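The next block holds one structure in the form of structure tokens; read it before the comments.
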Amino acid sequence: MEAVKRAFDQLLEGADIVAGSRGDQYVTLLPPTRKMITRVNRLMNRWLLQLPVSDAQAGLKAFNTRGRMEFLSTRIDGFLYDSEFVKRAGRNKTLRIRSIPISCRPDIRFSDFRSNVLLREFFNFMGLLVKR
């Protein structure tokens, strides 16, 4: 609830989009395979997509009406809709994007990704990369 309040406060202070960032604490909690996937995804988001926030896949996103328009223009039906949203928003120089730190619940359980899901998301990522 604290993170939701901080996100709302950022919107009140003029941000159009607020994205949660899980930080390194999150990565330490992950099982080995998820840890590798997360690190690769963050590197690809930073270096290839050049996203304006470090952790596009964190679940918390808040936005006002202007940010909502970017959100509704996304087309990816999968995990990478967040990356598409943040990429589109980052290209729109009129939007103010902020990031806030968030943390995981102590009782969090991580699921495994099936190979077909990873393959689908790889193709989604390639589509984002091509749409520069």
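The values are calculated or read from the model by the stated rules, or taken from the named source; none is laboratory data. Given the structure is predicted, the values throughout are model-derived calculations rather than measurements. Glycine gets a Cβ as well: all are built from the backbone with ideal geometry, and neighbour counts include every protein chain shown.
Here are the numbers for the structure shown:
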{"read-out": "Per-region count, region 1-31, residues assigned to a helix (DSSP H, G or I), surrounded by fewer than 20 Cβ atoms within 10 Å (Cβ to Cβ) and modelled with pLDDT of 90 or more", "value": "9"}
{"read-out": "Criterion (more than 12 Å from the chain's Cα centre (by Cα) and either among the aromatic types (Phe, Trp, Tyr) or not in a helix (DSSP H, G or I) (or both)) met by exactly one of ASP77, ASP55", "value": "ASP77"}
{"read-out": "Qualifying residue in region 51-62 (condition: free of Cβ contacts under 8 Å to residues at least 60 places away in the same chain, surrounded by 15 or more Cβ atoms within 10 Å (Cβ to Cβ), of a type in the set (Ser, Thr, Tyr) and within 27 Å of ARG105 (Cβ to Cβ))", "value": "no"}
{"read-out": "Yes/no for SER73 being under 13 Å from LEU128 (Cβ atoms) and either surrounded by fewer than 16 Cβ atoms within 10 Å (Cβ to Cβ) or out of contact with any Gly (no Cβ under 8 Å at 6 or more places or on another chain) (or both)", "value": "no"}
{"read-out": "Any hit, region 42-49, residues being buried (at least 18 other Cβ atoms within 10 Å of the Cβ) and either closer than 28 Å to PRO106 by Cβ or not basic (Lys, Arg) (or both)", "value": "yes"}
{"read-out": "Only listed residue being within 18 Å of ARG98 (Cβ to Cβ), aliphatic (A, V, I, L, M) and either in contact with a strand residue (DSSP E or B) (Cβ under 7 Å, 6 or more places away or on another chain) or at pLDDT 90 or above (or both), chosen from VAL40, VAL53", "value": "VAL53"}
